[in-house]
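The values are calculated or read from the model by the stated rules, or taken from the named source; none is laboratory data. Not measured: the values here are computed from a predicted model. Here the Cβ positions follow ideal geometry from the backbone for every residue, glycine too, while neighbour counts run over all protein chains shown. Areas reflect the complete protein model, heavy atoms only, side chains present, ligands, DNA and RNA absent. Shrake-Rupley method; radii C 1.70, N 1.55, O 1.52, S 1.80 Å.
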Amino acid sequence: MTHRYSKLAARIVAGCVFLGSAIASISHAQEKYPAKPITLVVPYAAGGTTDIIARLLGKEMTDKTGVAVVIDNRPGANTNIGAEWVARAKPDGYTLLFGTGGQVINPIFGPYPSIPLGEALDPVSLVSSQAFVIAARPNAPFNTAKDYLEEVKKKPGKYSISSAQLDLYVALVKKAAGINILHVPYKGGAPSLLAVMSGEVDTGFTLVPAGISHFKAGKLKPIAVTTKDRQESLPDTAALSEAGVNIDLSSWYGLFVPKGTPKSIVNDLATLTKDIMSQDRIKKQLQEMGAASKWSTPGELRDAMSAEKKQWEQLAKDSPDLVRPK
């Protein structure tokens, strides 16, 4: 009898251990996300506009979830290094990418990523966008998009435009507008705009955040933005589309996760991003910087990237000289 009871007791203990393990496993599986610090990889160096907006998003995510969001700057290879790092990370929602249009452009024009990023990363949501703007000195012979296009078309090849190595974007604008202007690339945004102010070049092509302080100070005047509609940060500056140019061009930021991340986590992150970026306080903060607050569903971001990809592929076909050799 004693032996029989001992065996029964052992079975009961074993059953309890199994049940306890099962309950623990279920509890762990149902653990609310996020439950530990999140790493947000920024594929640019610290201090720039991209980094500033990423840190703003990270802080708001921390405040709303109570979980620390750590910014990890991984610049290089025109965003490929940071993007590839995230693509190779564990798909558990704890390594995110603050992605950019480089993920669409690089596979077409180079520098080429070592893995197919379009297949290795899943979109979550848009976060922000910035319009490009054509800027000129206050005494330039044009004040509006219409004036500018009429003037440069009258004198093809006479006028020049600088940029911080935004060759592809300038080429796309030239093609869409049907204008012949000399592009002069500079190593950075500051020297590019200084060249306009000093008279080295006639106009500058830059992102609104890079030029907005000069516009407010009266050192430069915005001529036209490259988006379909006017920008809230420059309400009196016409869009090129108002002058008949079929273009809607901007620099955007979005949130991405490694392929295979559970859909429930992707959707939670998309909802969280919308909650943050739709706040009036955040909208105003970005507007003062010259940027726009955005959000989307994962599918909407994927569709937008697909449409953008077709635009860049067409440019590569029309201007093969812009494509780097593989």
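At a glance:
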item	result
Cα-centred dipole magnitude for segment 37-81, charges only on beta-carbon of K, R (+1) and D, E (-1), debye, nearest 20	20 debye
Lys, Arg +1 and Asp, Glu -1 on Cβ, resulting dipole of the chain about Cα centre, debye, nearest 20	680 debye
Portion, in percent, of the accessible area of the chain that falls on carbon or sulfur, probe 1.4 Å	54 percent
Degrees between helix 208-217 axis and first principal axis of the chain (Cα, 0 to 90, nearest 10)	50 degrees
GNM result for the chain, Cα springs below 10 Å: residue of 138, 37, 156 fluctuating most strongly	156
Positive dipole terminus of the chain, leading residue within 282, 299, 83 (C-beta point charges)	83
Cα pair count fraction exceeding 27 Å, expressed as % - the chain	50 percent
Unit charges at the beta carbon, dipole of the chain: most positive-side option, 69, 322, 250	69
Solvent exposure, largest accessible area first (probe 1.4 Å, DNA, RNA and ligands not counted), of 236, 202	236, 202
Accessible area expressed per residue, segment 250-322, with surrounding protein chains retained (probe 1.4 Å, Å²)	53 Å²
Residue (of 170, 199, 213) at the positive-pole extreme of segment 157-221, dipole from beta-carbon charges	213
Nearest-ten-degree value, helix 280-289 long axis tilted from longest Cα axis of the chain	40 degrees
Eligible lysines near residue 59 by straight Cα distance, threshold 29 Å, same-chain separation 8 or greater	32, 36, 90, 216, 259, 263, 274, 283, 284, 294
Cross-link partners of residue 175 among aspartates and glutamates (Cα-Cα below 15 Å; sequence separation of 8 or more within a chain)	167, 248, 313, 318, 321
Choice from 88, 74, 281 showing the highest fluctuation, given a GNM over the chain with Cα pairs closer than 10 Å	281
Heavy atoms of residue 229: accessible area, 1.4 Å probe, square angstrom to 10	100 Å²
Cβ charges +1 (Lys, Arg) and -1 (Asp, Glu), total dipole of segment 153-282, debye	400 debye
